[in-house]
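The values are calculated or read from the model by the stated rules, or taken from the named source; none is laboratory data. Given the structure is predicted, the values throughout are model-derived calculations rather than measurements. As a convention, Cβ positions derive from the backbone with ideal geometry for all residues, glycine included, and neighbour counts pool all protein chains shown. For the accessible areas, the whole protein counts, side chains as well, though only heavy atoms, and no ligand, DNA or RNA atoms are used. Shrake-Rupley method; radii C 1.70, N 1.55, O 1.52, S 1.80 Å.
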Amino acid sequence: LDFTPGQRVTALYSTLSGARFIAGFQTAGQHRSRGFHLAVEHRADRHELENFRALLGALSIPSAFEPQVTVPAVAEEPFAGVRDVVVFHLWASGAQSWLREWPEDRWIALAHRLTETETVFAITGAPSDLDRIKPFVMRMNEAGLNAQPFVGTDGFVSLAHLLLKARRVVSVNTGVMHLAAIL
């Protein structure tokens, strides 16, 4: 089963694998499904989870379960004592990640619309994002908004607790967005 929608190399590997049966996605403009025995249309107008379910459904494999995440306890709750947290996750990673990013001025304008009396904006990112987070937090604070950086040091555990605590999570299309949606 090839669950990648656009990478041609995985389709090539699947085709050359010697498997007796190969199923995967037929993606518009990719010509990646020619070696598949069963190809299911990958559609951009539905959530990726539904694309995966369509592929499994074509194989008569039930897939009605919703994704779940069990969040372990954390030694110290992030933003403990803060009553109103809004999480902003501005940056993506990977090839051409800048295509999924939004101008910082728009984030600040959105923050002004979301802010309430006690709102604290948690600006999240990976440790490698700190050089970008710190100047942005300063810009938010200069704009009269209460912003603080948040970079978890325990994998996703503290981040998951922060996402659960948040009134709103606004994120570019990245793992943080998917984790927030599941939680």
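Need the failing condition index for Phe21 against (1) surrounded by fewer than 13 Cβ atoms within 10 Å (Cβ to Cβ); (2) touching a helix residue (DSSP H, G or I) at 6+ places or on another chain (Cβ under 9 Å); (3) at pLDDT 90 or above, just the number.
For Phe21, the exception is condition (2).
In the stretch 18-61, how many residues are within 14 Å of Gln7 (Cα to Cα) and polar (S, T, N, Q)?
Matching residues across the stretch 18-61 total 4.
Please verify whether the stretch 144-158 includes one or more residues that are open to solvent by 40 Å² or more (accessible area, probe 1.4 Å), part of a loop (DSSP other than H, G, I, E, B) and modelled with pLDDT of 95 or more.
Yes, the stretch 144-158 contains a residue that is open to solvent by 40 Å² or more (accessible area, probe 1.4 Å), part of a loop (DSSP other than H, G, I, E, B) and modelled with pLDDT of 95 or more.
List the residue pairs whose Cβ atoms are under 6 Å apart, where the first residue sits in the stretch 21-49 and is under 27 Å from Ala181 (Cβ atoms), the second is open to solvent by less than 60 Å² (accessible area, probe 1.4 Å) and among the charged types (D, E, K, R), and the two are 6 or more positions apart or on different chains.
Gly24/Asp2
Only one of these is more than 23 Å from Thr174 (Cα to Cα) and of a type in the set (Lys, Arg): Arg46, Arg83. Name it.
Within the list Arg46, Arg83, the selection yields Arg83.
Could you grab me the full set of residues in the stretch 165-183 that are modelled with pLDDT of 95 or more and either of a type in the set (Val, Ile, Thr) or open to solvent by 50 Å² or more (accessible area, probe 1.4 Å) (or both)?
Listed by number, the residues that qualify are Lys165, Arg167, Arg168, Val169, Val170.
Please determine, by comparing only the residues of the stretch 118-132 that are among the aliphatic types (A, V, I, L, M) and free of Cβ contacts under 8 Å to residues at least 40 places away in the same chain, which one is least open to solvent (accessible area, probe 1.4 Å).
Filtering first and then ranking leaves Ile123.
Tell me which of these Val87 doesn't satisfy, since it passes every other one: (1) open to solvent by 40 Å² or more (accessible area, probe 1.4 Å); (2) touching a Ser or Thr at 6+ places or on another chain (Cβ under 7 Å).
Result: Val87 fails condition (1) only.
Would you check if Val40 is among the hydrophobic types (A, V, I, L, M, F, W, C), surrounded by 14 or more Cβ atoms within 10 Å (Cβ to Cβ) and under 27 Å from Leu164 (Cβ atoms)?
no
When you scan the stretch 59-74, do you find a residue that is at pLDDT 90 or above and polar (S, T, N, Q), even just one?
Among the residues of the stretch 59-74, at least one is at pLDDT 90 or above and polar (S, T, N, Q), which makes the answer yes.
Look at the stretch 4-21 and say how many of its residues are touching a strand residue (DSSP E or B) at 6+ places or on another chain (Cβ under 7 Å) and part of a loop (DSSP other than H, G, I, E, B).
Number satisfying all stated conditions: 2.
Do we have Pro78 as at pLDDT 90 or above and either open to solvent by less than 70 Å² (accessible area, probe 1.4 Å) or within 22 Å of Val172 (Cβ to Cβ) (or both) here?
yes
Residues of the stretch 104-116 being in contact (Cβ under 8 Å) with a residue 12 or more places away in the chain and either exposed (fewer than 10 other Cβ atoms within 10 Å of the Cβ) or in a strand (DSSP E or B) (or both), which ones?
Within the stretch 104-116, just Glu116 meets the criteria.
Gln26 - would you say it is of a type in the set (S, T, N, Q) and open to solvent by 90 Å² or more (accessible area, probe 1.4 Å)?
yes
Would it be correct to say that Glu76 is charged (D, E, K, R) and under 30 Å from Ile123 (Cα atoms)?
yes
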